[in-house]
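Trainee: Mind having a look at this structure? Questions to follow.
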Amino acid sequence: MLPLDTRVLADAQAVAEQACALISAAAAQAIAERGVFRIVLAGGTTPQQAYALLATTAQDWARWQVFWGDERCVPVADPQRNSQWRWSGAQHFPIPAELGAQIAATQYAQIVAQYLPFDLVLLGMGEDGHTASLFPGADFAQGLSVAVYHAPKPPVERVSLTIEALQACRQQLVLVTGAGKAQAVAAWRAGATLPIAAAVRADAWVLLDQAATC
């Protein structure tokens, strides 16, 4: 079942714009209440559209603490790294995936544990219903971070926050766009056992474009 607060927007640009507005509002509230905004970023094209829009807005970047939901085990400067996206002025906590999956997972769990709960966790979804680097058929590990060795697309070695960590937040925001995701969205709506369904809380905000619902 999709969360109650699921919104269908015209296209990927509209999703990015709405996401930008929601993230900005969450940041302002968190900073006003606690003096810091802790956000977990998702990889993928649609979230990056929202990140680019955010970069053009007036934010109190010095009070942003930025984490990542998953990372590929490739060199730091590799363009495949999710952590290539940065906002100038924010404090960033990239996953040290260049050290190898197990070492990076262990170290990141120790880092993350110091900052929970997150204020906002962003999630995307793949065409197979995966989210972060939690793929169908894999065991959903306990703890805060997990080493992944058999991702269905290269690089096969990755690091991912677990469902426990992705849910340890004040709010989740899920962004899904494109016709290629429509089958997985329909399966999620029908109650299929998918990683995205396991990770997303009932109170999450979900933004879909029309193509993803056809």
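Trainee: Can we say V206 is at pLDDT 95 or above, of a type in the set (V, I, T) and either more than 24 Å from I111 (Cα to Cα) or surrounded by 14 or more Cβ atoms within 10 Å (Cβ to Cβ) (or both)?
Mentor: yes
Trainee: Among the residues of the stretch 17-74, write down those that are in a helix (DSSP H, G or I) and under 22 Å from K181 (Cα atoms). Before the answer, list the steps.
Mentor: First pass over the stretch 17-74, keeping only residues in a helix (DSSP H, G or I): 17-34, 45-55, 61-63.
E17, Q18, A19, C20, T45, T46, P47, Q48, Q49, A50, Y51 - these are the residues of the stretch 17-74 that are in a helix (DSSP H, G or I) and under 22 Å from K181 (Cα atoms).
Trainee: Let me ask something additional. Since D70 meets every condition but one in (1) modelled with pLDDT under 95; (2) buried (at least 22 other Cβ atoms within 10 Å of the Cβ), which condition does it not meet?
Mentor: (1)
Trainee: Test A179 against the stated conditions and say whether it is touching a Pro at 6+ places or on another chain (Cβ under 6 Å) and surrounded by fewer than 16 Cβ atoms within 10 Å (Cβ to Cβ). Steps first, please.
Mentor: On the way: touching a Pro at 6+ places or on another chain (Cβ under 6 Å): no; surrounded by fewer than 16 Cβ atoms within 10 Å (Cβ to Cβ): yes.
Spelling it out, it is not the case that A179 is touching a Pro at 6+ places or on another chain (Cβ under 6 Å) and surrounded by fewer than 16 Cβ atoms within 10 Å (Cβ to Cβ).
Trainee: All but one of (1) at pLDDT 95 or above; (2) assigned to a loop (DSSP other than H, G, I, E, B); (3) surrounded by fewer than 22 Cβ atoms within 10 Å (Cβ to Cβ); (4) not aromatic (F, W, Y) hold for A138, so report the exception by its number.
Mentor: (1)
Trainee: Follow-up. Consider the stretch 78-96. How many of its residues are in a loop (DSSP other than H, G, I, E, B) and open to solvent by less than 60 Å² (accessible area, probe 1.4 Å)?
Mentor: The number of residues fulfilling the criteria is 9.
Trainee: Out of the stretch 97-129, which residues are in a loop (DSSP other than H, G, I, E, B) and more than 11 Å from the chain's Cα centre (by Cα)?
Mentor: The answer is G100, Q114, Y115, L116, P117, G126, E127, D128, G129.
Trainee: Among the residues of the stretch 142-161, which ones are assigned to a loop (DSSP other than H, G, I, E, B) and closer than 21 Å to L41 by Cβ?
Mentor: G143, L144, A151, K153, P155, E157
Trainee: Identify, from the list A27, A16, A12, A50, the residue that is surrounded by 22 or more Cβ atoms within 10 Å (Cβ to Cβ), touching a residue at least 12 places away in the same chain (Cβ under 8 Å), closer than 16 Å to A211 by Cβ and of a type outside the set (V, I, T).
Mentor: Going through A27, A16, A12, A50 in turn, just one is surrounded by 22 or more Cβ atoms within 10 Å (Cβ to Cβ), touching a residue at least 12 places away in the same chain (Cβ under 8 Å), closer than 16 Å to A211 by Cβ and of a type outside the set (V, I, T): A16.
Trainee: Still on this structure: Before we move on, is R63 in contact (Cβ under 8 Å) with a residue 24 or more places away in the chain, among the charged types (D, E, K, R) and crowded, with 21+ Cβ neighbours inside 10 Å?
Mentor: no
Trainee: May I ask you to say which residue of L144, L116 is open to solvent by 20 Å² or more (accessible area, probe 1.4 Å), touching a Cys at 6+ places or on another chain (Cβ under 9 Å), at pLDDT 95 or above and over 20 Å from Q18 (Cβ atoms)?
Mentor: L116
The values are calculated or read from the model by the stated rules, or taken from the named source; none is laboratory data. The shown structure was predicted, so the numbers you read here are calculated from the model rather than taken from an experiment. Positions of Cβ are generated from backbone atoms using ideal geometry, with glycine treated the same way; all protein chains shown enter the neighbour counts. Just the protein is used for accessible areas: all its heavy atoms, side chains included, with ligands, DNA and RNA removed. Shrake-Rupley method; radii C 1.70, N 1.55, O 1.52, S 1.80 Å.
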